[in-house]
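Here the structure is laid out as structure tokens; the discussion comes afterwards.
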Amino acid sequence: MIKNLMELSNAGGISGFEYTVTPFIEKLLKKYCDEVNKDISGNVIGYIYAEDKNAPTVMIEAHTDGIGLMVKDIDERGYITFVTIGGVDPRILPAAEVVVCGKREIYGIIATASPHLMAADERNAGVKIENMAVDVGMTHDEVKEIVTPGDMIYFKTDAVKLLDKKLSGKYLDDRAGVISLLMALRELKGKKLPFNLAVVCAVQEEVGLRGAVTASFGADPICAIVVDVCHGTTPDSGSATTFKLGTGTVITCGPNIDRRMFEIAKKTAEENKIKYSIEAESGHTGTDAWVVQTTRLGVATLLLSIPLRYMHTTVETLSMKDVEATAKLIANTLLNLNTEEFSLCTLKN
Amino acid sequence: MYLKELTSLRGVPGYEAPVREYIFEKIKDKCDEIYRDNIGNLIAVNRSGKENAKKVMVCAHMDEVALFVTKITEEGFLKFDTLGGIDTSVLVSKKVLVGDMAIPGVIGAKAIHLQKKGERGKGIEIEELYIDIGAKDKKEAEKKVQLGDYATFDSEYTEFGNGFIKAKALDDRLGCAALLELADCRYDFDLYLVFTAQEETGLRGATVAAKRVNPDFAIVLETTACNDTFGYLEKDYSTICGGGVVLLFADMRTYYSKEILKDVERVAKKYNIPYQFKKTVSGGNDAGAIHLSCGGIKTITMSVATKYIHSPSSVINKNDFEAQKMLVQKYLQEVKL
């Protein structure tokens with residue numbers, strides 16, 4: 001599965017332009033699902049059916065999109081100016097390698113000034129998006145033949161294995177979540193669940209949780225497990241809520257999370273000796289769980305997170321141990337889930 | 001192709017061995033004599049066969065800018081300093097290879113979500129950066145890395161656009177590649193091909209090589225900064241990428257002889273070799289050490305404009321590289337000693 005995750009990481013695909021990565025995901029889902037569909041928004045949804053097709057549906061979900069850039073214009077010398085898609089830190093851009101997806105894919109570098117020619121006050125003054133552009137080594141007319149404003153630009157960084165089962169690469173937020181869903185499916189293979197399982201790989205999370213809105217409407221689940229990443233501890237993370245890599249999966253609690261789902265997950269982790277931490281989130285979790293919870297008439301939602309260092313850079317770093325723990329907890333929570341507990345509770349009739 | 005192989009090698013100031021060994025293999029059957037001195041310079045000589053022949057030294061430096069591990073933290077992260085001048089803004093979100101074992105590492109930065117208001121978009125200081133090799137803790141890191149290990153950019157040689165090449169270490173493996181092509185040449189002077197060490201830390205290799213060779217004339221094959229790029233006006237360009245081999249009136253280390261420049265220009269014109277003059281007085285190279293050696297040595301630099309120099313993604317134009325190679329070869333045929 002690490003190979004699959006590296007392949008997904010290398011594939012590009014940013015919010016609204018997931019088309020470069022979704023074919024890989026479809027292929028992987030087909031191995032485990034009875035049916036795989038793509039909806040109007042571009043969400044990829046796999047179904048594993050219960051014996052009774054009228055059984056309720058449980059959804060497991062992760063998002064497929066990453067952050068990136070979009071072509072704004074082409075200047076007279078052929079430099080491609082851009083806008084950002086999702087939360088891009090301008091500091092990751094100088095000298096970054098990118099792929100511009102026009103009529104064909106072209107290679108480029110984000111232009112940066114030479115330190116030898118910078119005035120002292122320019123150095124370390126910081127970088128601004130409006131002062132940057134992509135250098136593709138072509139003239140204005142040549143670029144115009146291939147590239148149009150609105151084309152996707154994604155980062156060209158290949159994933160790399162580090163020590164201690166760690167992996168670094170772009171878009172591990174949230175391709176690692178997608179892989180954890182697939183690993184859970186692998187673990188569940190051959191086991192019959194008493195409910196239909198919808199496996200949702202959602203688009204456009206980074207620009208406002210949009211894919212999850214339509215995907216969860218379509219899947220119409222009663223319960224859902226959303227998988228995303230959370231911040232991994234780094235020397236500079238200070239007082240922020242972060243989790244050390246390699247310490248397992250993170251189970252969130254708070255108003256965005258169904259209390260019963262939280263308790264089931266926690267108990268399942270204890271019983272199966274799955275390493276976990278708890279994140280207490282007082283409001284918006286900043287994940288698809290936020291919109292899934294209020295889908296249709298309300299969905300009992302659980303959020304599991306994989307600790308990730310350097311979120312939204314091209315060297316996002318995580319531990320495969322935590323991805324495995326997350327997958328194991330998804331699979332075992334599904335096995336412990338009794339959907340009847342979540343049906344409408346009639347108090348007086 | 002020399003350039004592709006040379007830029008993929010990892011040779012840093014003070015430890016140029018991988019580059020030097022590669023070069024030695026390429027020239028050992030071509031050059032008459034080859035020496036390695038104490039600082040790590042590789043000096044090859046092609047004799048003219050004449051008694052009391054004059055000496056011409058052509059040099060390029062083998063070292064590339066790099067990082068240098070200065071501390072391993074309790075959590076297993078590597079703090080570093082730079083070997084040579086690197087603007088820290090190009091380090092964020094990049095991949096590196098650490099030490100002789102080429103352990104993969106990444107340079108992350110605090111996630112944008114966690115940055116406080118004043119931090120966003122701000123420049124980053126080297127003290128804030130560190131290399132993450134994934135080690136569980138200091139103990140695991142120490143099994144793979146030790147203090148003083150170097151780290152180089154992990155960046156692949158890539159050709160793109162209209163004849164552009166992107167790679168790490170173009171400064172100055174490009175000069176080394178041009179110099180390698182002289183290994184078969186013989187002239188009526190003794191030709192010294194000098195691959196220098198430690199240019200990036202202050203022209204250290206050239207300082208001693210020039211004194212050992214004590215040539216009558218020296219040519220430095222180099223790369224030079226170029227801001228012919230987005231965000232700069234043409235009037236402010238230092239050099240143009242694709243504008244021909246770069247000749248310099250002056251840089252921060254050397255004022256070049258007008259007389260020699262004129263002669264080089266004459267040869268360039270004669271053979272229709274595209275050339276340009278650098279329009280800023282900035283940077284410096286081995287010429288700075290050579291021209292002051294042994295009571296003074298006539299020295300000229302032939303450079304190639306390099307965008308994003310000292311970054312993992314430095315860029316040159318192939319035509320400029322061809323022009324540099326052509327000019328040095330033609331000029332050696334006509335140099336007045």
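Based on the Kirkwood radius over alpha-carbon pairs, what is the Stokes-Einstein translational diffusion coefficient of segment A:154-211 at 4 °C with 1.567 mPa s viscosity, in µm²/s? Taking Rh from Cα pairs, D becomes 92 µm²/s.
Mean per-residue shielding of peptide B:298-310 is 2, counting Cβ atoms of other chains within 10 Å of each Cβ. Using Cα centres only, tell me the gap between segment B:189-253 and segment A:154-174 in whole Å. The two parts, judged by their Cα centres, are 37 Å apart. For the protein assembly as shown, the alpha carbon positions stretch 114, 54, 45 Å along the principal axes, listed from largest to smallest. Taking every C-alpha pair closer than 8 Å and separated by at least 6 residues, the mean separation divided by the residue count of chain B gives a relative contact order of 23 percent. Peptide A:229-240 shows a mean partner chain C-beta count of 4 within 10 Å per residue C-beta.
Net charge in the neighbourhood of A:Ser15 (other residues with Cβ under 9 Å of its Cβ; Lys, Arg +1, Asp, Glu -1) is -3.
Expressed as a fraction of 2.2 N^0.38 Å, the value expected for a compact globular protein of N residues, the C-alpha radius of gyration of segment A:227-315 is 1.12.
Projected onto its three principal axes, the C-alpha set of segment B:66-153 covers 39, 29, 17 Å, listed from the longest axis down. A crude spin-label estimate for the pair A:Glu263 and B:Asn214, with each label 7 Å from Cα along the Cβ direction, gives 9.2 nm. For segment A:209-249, backbone nitrogen atoms closer than 17 Å to the point 7 Å from A:Ser343 Cα along Cα-to-C-beta are found at A:221-223. What separates the Cα centres of segment A:1-32 and segment B:266-301 is a distance of 52 Å. When the pairs A:Lys156/A:Lys321; B:Lys95/B:Lys138; A:Lys156/B:Lys166 are compared against a 22 Å limit on Cα-Cα distance, A:Lys156/A:Lys321 fall above it.
Under Stokes-Einstein, with the Kirkwood radius over Cα pairs as Rh, the value for segment A:263-312 at 10 °C and 1.306 mPa s is 123 µm²/s.
Computed over the alpha-carbon pairs of segment A:1-111, the distance histogram in 5 Å steps reads 2, 9, 17, 19, 16, 12, 9, 7, 4, 3, 2, 1, 0 percent, short to long. In this structure, B:Lys262 and B:Asp184 have a Cβ-Cβ separation that, at R0 = 30 Å, corresponds to a calculated FRET efficiency of about 0.55. For chain A, relative contact order (Cα pairs under 8 Å, six or more residues apart, normalised by length) works out to 23 percent.
Here is the tail figure for segment B:203-332: Cα pairs spaced more than 19 Å apart come to 48 percent of all pairs. Using C-alpha pairs below 8 Å separated by at least 6 residues, the relative contact order for segment B:66-153 is 46 percent.
Kirkwood radius, chain A, all distinct C-alpha pairs, inverse of mean reciprocal distance: 21.0 Å. By other beta-carbon atoms within 10 Å, ranking A:Arg296, A:Arg210, A:Arg186 with the fewest at the front produces A:Arg296, A:Arg186, A:Arg210.
For chain B, the calculated P(r), taken from all Cα-Cα distances in 10 Å bins from zero up to the bin holding the longest distance, is 6, 25, 33, 22, 10, 3, 0, 0 percent. The H on the amide N of B:Val304, modeled in the peptide plane, is under 5 Å from the matching H of B:Glu222, B:Thr223, B:Thr224, B:Val246, each at least 5 residues off or on a different chain. Springs between alpha-carbon pairs under 10 angstrom, Gaussian network model over chain A: which of A:Ala331, A:Ala265, A:Ala95 fluctuates most? Comparing A:Ala331, A:Ala265, A:Ala95 in the GNM, the peak value goes to A:Ala95. Applying the criteria of a DSSP loop state and at most 10 other Cβ atoms within 10 Å to the GluC sites (Glu not before Pro) of segment B:86-172 yields B:Glu125. For the residues of B:90-99, the average number of beta carbons from a partner chain within 10 Å of their own beta carbon is 6. Segment A:279-349 and segment A:36-107 have Cα centres separated by 21 Å.
With R₀ set to 51 Å, the beta-carbon distance separating A:Lys30 from A:Ser237 gives a calculated FRET efficiency near 0.85.
What are the DSSP H helices in chain A that stretch 20 Å or more along their long axis, judged by alpha-carbon atoms, and whose average Kyte-Doolittle hydropathy comes to at least -1.0? Sorted by number, the helices that extend far enough and score high enough are A:172-188, A:320-335.
Among A:255-262, B:60-67, A:79-86, the peptide with the highest mean count of other Cβ atoms within 10 Å heads the list, and the full ranking is B:60-67, A:79-86, A:255-262.
Each value in this text was obtained by applying a stated rule to the coordinates, not by laboratory testing. Here the structure is a predicted model, which means the values were calculated and not measured. FYI the Cβ positions are ideal-geometry reconstructions off the backbone, even for glycines, and counts take in every protein chain you see.
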